[in-house]
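Q: Below are the structure tokens for one structure; questions will follow.
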């Protein structure tokens, strides 16, 4: 039980932060469209990555960091593109309000974005696979209990973020709030992209 709780706490410490993935899940939760699918994609992706780390893939990735260079460039390009979309939404407030009559984002687009924000982010591999995998290894035979706790943490977090966002709906009934949110999302995406590219200097 102690390993399970340790994994739960450690998993939350890695994902509870303002990042590209969390910002996207928050926006999906506020629009109340495809929430279950996006939450499932993010949580299940974490389950796969955590399982790979606990199984020892982290050590393999750590020895082949050249692959992460490609992931950094691809991830940065995607984040810059998504930031551009967020800026456009912030500039055009007419498309920001939660309105059931306006065309909804298609499920394929929502799921594709969720997958890209997860699997094109090299920090996911460094944190979830390499770091968490190494910490789990320290639990010896109980490492899978540690991993299960981390998996549970991801499931709890993304569910709470996706479905809890609707509690903020009264605030986001105003277009100004959507402007601010999309402005913050754009800034976060650009900052992460810059960080990814700056890391290539090393």
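The values are calculated or read from the model by the stated rules, or taken from the named source; none is laboratory data. Values in this document were obtained by computation on a predicted structure and should not be read as measured data. Here Cβ is always computed from backbone atoms with ideal geometry, including for glycine, and neighbour counts include all displayed protein chains.
Q: How many residues are modelled with pLDDT under 80, more than 21 Å from the chain's Cα centre (by Cα) and assigned to a helix (DSSP H, G or I) if we restrict to the range 78-94?
A: 2
Q: Here's another thing I want to ask about it. Provide a single number: the residues in the range 129-146 that are in contact (Cβ under 8 Å) with a residue 12 or more places away in the chain and not in a helix (DSSP H, G or I).
A: Of the residues in the range 129-146, the ones in contact (Cβ under 8 Å) with a residue 12 or more places away in the chain are 129-137, 139, 142-146.
Checking the rest, the ones that are also not in a helix (DSSP H, G or I) come to 139.
Residues flagged as in contact (Cβ under 8 Å) with a residue 12 or more places away in the chain and not in a helix (DSSP H, G or I) within the range 129-146 amount to 1.
Q: Quick one: would you say residue 26 is closer than 23 Å to residue 173 by Cα, modelled with pLDDT of 85 or more and in a helix (DSSP H, G or I)?
A: Criteria met by residue 26.
Q: Collect the residues in the range 147-197 that are within 29 Å of residue 80 (Cβ to Cβ) and outside any helix (DSSP H, G or I), keeping them in residue-number order.
A: Within the range 147-197, 174 is the sole residue that qualifies.
Q: Quick one: in the range 163-189, which of the residues that are surrounded by 18 or more Cβ atoms within 10 Å (Cβ to Cβ) and more than 16 Å from residue 22 (Cβ to Cβ) is modelled with the lowest pLDDT?
A: Applying the filter and picking the extreme gives 172.
Q: Same structure again: If residue 157 satisfies all but one of (1) at pLDDT 80 or above; (2) within 27 Å of residue 88 (Cβ to Cβ), what's the number of the condition it fails?
A: Tallying (1) at pLDDT 80 or above; (2) within 27 Å of residue 88 (Cβ to Cβ), residue 157 fails exactly one: (2).
Q: Right, another one. Taking residue 37 as the residue in question, decide whether it is assigned to a helix (DSSP H, G or I), within 15 Å of the chain's Cα centre (by Cα), more than 25 Å from residue 133 (Cβ to Cβ) and at pLDDT 85 or above.
A: Yes: the conditions hold for residue 37.
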